[in-house]
Structure formats: structure tokens, C-alpha cells
Amino acid sequence: MTMNPRSTLYMPAINQRAMDKARSLPADAVVFDLEDAVAPDAKELAREQLLRQLAAGGYGPRKLVVRCNALSTPWGADDLRALAGSAISTLCLPKVESVGQLQAVGNLLRQCGRDDMALWAMIEAPAGVARVESIATSDNVTALLMGTTDLAAELRLPADPTRSGLYYALGRCVLAARLAGIMALDGVFLDITDTAGLRAVCEQGRALGFDGKTLIHPGQIAIANEVFGPSAAAVEHARCLLEVWDEAMASGKAVAVLDGRLIETMHVDEARRVLDTAAHIARLDQEP
């Protein structure tokens, strides 16, 4: 999958029915959760169940990720060793606060022969925000995910639908992701009945520069996909821009112009990203 996911759905690994249902959901990515969503006495069962689920497959073009327990917990090392023997290619690491945590995970994966695994780092605490630039550029890190619920609690922020107290942290993490050339995914929205609130926070996240939204319920997928996906007008504009660019390059022109505006390579790169996203969406839509 070449596109950045518009919708990334957390799915409890202890819930067999939910994991089965994920095969038919229009989410771009699914994060099977062994951490927050699983009680301590169910961790081993959830891990075994998840491994069977991954082996069964059937998830089509969706990006599959596993959120494992931290190495500092009794289950973290066993999670990594077990997942190293699976087909999963991306791990989500909770509450990343230092490069040292990432290096410890990388060392264990290397011992297991899986130094190819991509890492999604969750920024959920002030220490993570303070060190986010070094975290974003660490080996194998391909995404930053905001853990806004925990972060707001640690910052002692009052309840606020506008998330004004998080602006600095959100903006800094997006900047760090862009500097590192990786993805930035916004945090979850907890009220699964408030569709207007979800849309507002998705639009805010997109305005801040996030690539997509992490979600806790299938009912949130459609809005995230709409807000973070390209509109029909954007897709058509991207096609026209690339046509004009290709024609200009083929004829040896020094510049290309569309609707009176000069086209630069950054516009070409963005147009290609939009068309890649549209192509992936079309593949998802064709899934049964």
C-alpha cells in the first residue's frame, strides 16, 4: 500500500468477531491491539488468537499493524518474539518517550531475524513530544501516531472539544513527521455517537497537516475517509496537472503552467500522491 491511511481502526485482538468483521470494513489500516484493549489475564490468549487470525489472512489491501505491549511490561518481549514469526510487517509501539525504547525493540527484532519490521511510534506523553524529532528519525520508524487521550490527561488539560491545549503538541509532531518524511496520524475521538464532533475534529486534524485519523469504532470510518481522502475535484485537478507537466517535459519546455499557475516538482509529487490514494480507494471499493 503506497498511500497514507485515511482511516486506521484499532481492533481488540481479544475480540474474534471484531477481527473477522475487519475483513469487510472500508478502513485503510487495521491495528490489532494487544495493549490497552486487552486485560492482563487475557494477554496470552489474545496473542495466540491474533497469530491464528494473521495466518488466516483475507484482509485484502488493508494495511495490517499490531500494537504490542511495551518491553517494560511482562508481555512485551513475548509479543515481539511471537510477531517476529508472523507475516506482519509493521508494529505499533505504545507510549514512545525515547530513542532508547525504539533501539531496545530493534535489538530484539534483530535477534529474531526481523530487522525489516516497520515501527509506528505512539506519542502519548510529554516526554515523547519533547523528543519527537529524534523519535521520528529513528531506524525503521515510518509513522507517528498521536495518543491524545493519555497526552491530554498528562498535560492536565480540561475537557475541550476544540483541543486548544494540544495545538503545540499536535503541530510539533506533524512538523517532526514532515522533517523525517514519515506519516502523522491524529488521535482517536472517544464519543462514537457524536458524528458532528468527529467530523469537526477530523477537519481540524487535516487542517493541522495530519495524513489520517485513528479510530475506535467502525462507524467512524466513513467520515475519516471522506475528510482525509481526495475529493473528485482534487483527483481531476491532479490528472490535469500531470498531463500538462508530462506534455511540457516531453516537448522540452522549461516550465509548465496550469490555469495560469506555474507547476513545480512539489506540485507534481502531490498530484501523484493524490492519484495513488484514489487508486487505492478504488481497490478497497472493489473488495467484497
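Hey, Arg172 hits all of (1) assigned to a helix (DSSP H, G or I); (2) assigned by TED's automatic domain parsing to the domain that holds Cys92; (3) over 16 Å from Val129 (Cα atoms); (4) of a type in the set (D, E, K, R) but one; which does it fall short on?
(3)
Residues that are small (Gly, Ala, Ser) and closer than 29 Å to Pro26 by Cβ: does region 96-115 have at least one?
Checked against the condition, which is being small (Gly, Ala, Ser) and closer than 29 Å to Pro26 by Cβ, region 96-115 yields no hits at all.
Within region 226-236, work out how many residues are surrounded by fewer than 18 Cβ atoms within 10 Å (Cβ to Cβ) and touching a strand residue (DSSP E or B) at 6+ places or on another chain (Cβ under 8 Å).
Here the count works out to 0.
Restricting attention to region 34-44, and to residues there that are touching a residue at least 40 places away in the same chain (Cβ under 8 Å) and surrounded by 21 or more Cβ atoms within 10 Å (Cβ to Cβ), which single residue is farthest from Lys95 (Cα to Cα)?
If we take residues in region 34-44 being touching a residue at least 40 places away in the same chain (Cβ under 8 Å) and surrounded by 21 or more Cβ atoms within 10 Å (Cβ to Cβ), then Leu34 is farthest from Lys95 (Cα to Cα).
Which of the residues spanning region 45-64 are loosely packed, with under 13 Cβ neighbours inside 10 Å and charged (D, E, K, R)?
Listed by number, the residues that qualify are Glu48, Arg52.
Among the residues of region 203-224, what is the count of those that are within 14 Å of the chain's Cα centre (by Cα) and surrounded by 21 or more Cβ atoms within 10 Å (Cβ to Cβ)?
Number satisfying all stated conditions: 8.
Yes/no per residue for (1) closer than 20 Å to Asp33 by Cβ; (2) without any contact (Cβ under 8 Å) to a residue 60 or more places away in the chain; (3) within 17 Å of the chain's Cα centre (by Cα):
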{"residue": "Met146", "(1), (2), (3)": "yes, no, yes"}
{"residue": "Leu157", "(1), (2), (3)": "no, yes, no"}
{"residue": "Leu170", "(1), (2), (3)": "no, yes, yes"}
{"residue": "Cys173", "(1), (2), (3)": "no, yes, yes"}
{"residue": "Thr193", "(1), (2), (3)": "no, yes, no"}
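Kindly list, by first and then second residue, each pair from a residue in region 1-22 that is under 30 Å from Leu275 (Cα atoms) to a residue that is of a type in the set (Phe, Trp, Tyr), limited to pairs with Cβ atoms under 8 Å and residues at least 6 apart or on different chains.
Every condition considered, the pairs that remain are Arg6/Phe228; Ser7/Phe228; Met11/Phe32; Met19/Phe32; Ala22/Tyr59.
Return the pairs, sorted by first residue and then second, in which the second residue is surrounded by 16 or more Cβ atoms within 10 Å (Cβ to Cβ), the first residue lies in region 196-209 and is among the polar types (S, T, N, Q), the beta carbons are less than 8 Å apart, and the residues are 6+ apart or on different chains.
Here the result reads Gln204/Arg163, each pair linking region 196-209 to a residue that is surrounded by 16 or more Cβ atoms within 10 Å (Cβ to Cβ).
Just to confirm my filter: which helices (runs of 4 or more DSSP H) fall fully inside region 177-288 and include at least 1 residues that are closer than 30 Å to Val132 by Cα?
So the answer is 195-208, 221-228, 265-285.
Does Ala87 satisfy the criteria of being modelled with pLDDT under 95 and within 21 Å of Glu44 (Cβ to Cβ)?
Against the criterion (modelled with pLDDT under 95 and within 21 Å of Glu44 (Cβ to Cβ)), Ala87 qualifies.
Is it the case that Arg110 is in contact (Cβ under 8 Å) with a residue 24 or more places away in the chain and out of contact with any strand residue (DSSP E or B) (no Cβ under 7 Å at 6 or more places or on another chain)?
no
Please specify each residue of region 18-48 satisfying the condition of being over 21 Å from the mean Cα position of the chain (by Cα) and under 27 Å from Gly212 (Cβ atoms).
Ala46, Arg47 - these are the residues of region 18-48 that are over 21 Å from the mean Cα position of the chain (by Cα) and under 27 Å from Gly212 (Cβ atoms).
Return only the number of the condition from (1) in the same structural domain as Arg131 (by TED's automatic domain parsing); (2) of a type outside the set (Lys, Arg); (3) touching a helix residue (DSSP H, G or I) at 6+ places or on another chain (Cβ under 7 Å) that His267 does not satisfy.
So His267 meets the others, but not (1).
Taking region 238-288 as the region of interest, how many residues are free of Cβ contacts under 8 Å to residues at least 60 places away in the same chain, of a type outside the set (A, V, I, L, M) and either surrounded by 17 or more Cβ atoms within 10 Å (Cβ to Cβ) or within 19 Å of Asp211 (Cβ to Cβ) (or both)?
The number of residues fulfilling the criteria is 5.
The values are calculated or read from the model by the stated rules, or taken from the named source; none is laboratory data. Quick caveat, the model's predicted, so the values are computed rather than measured. Neighbour counts run over all protein chains shown; Cβ positions are idealised from the backbone, glycine included.
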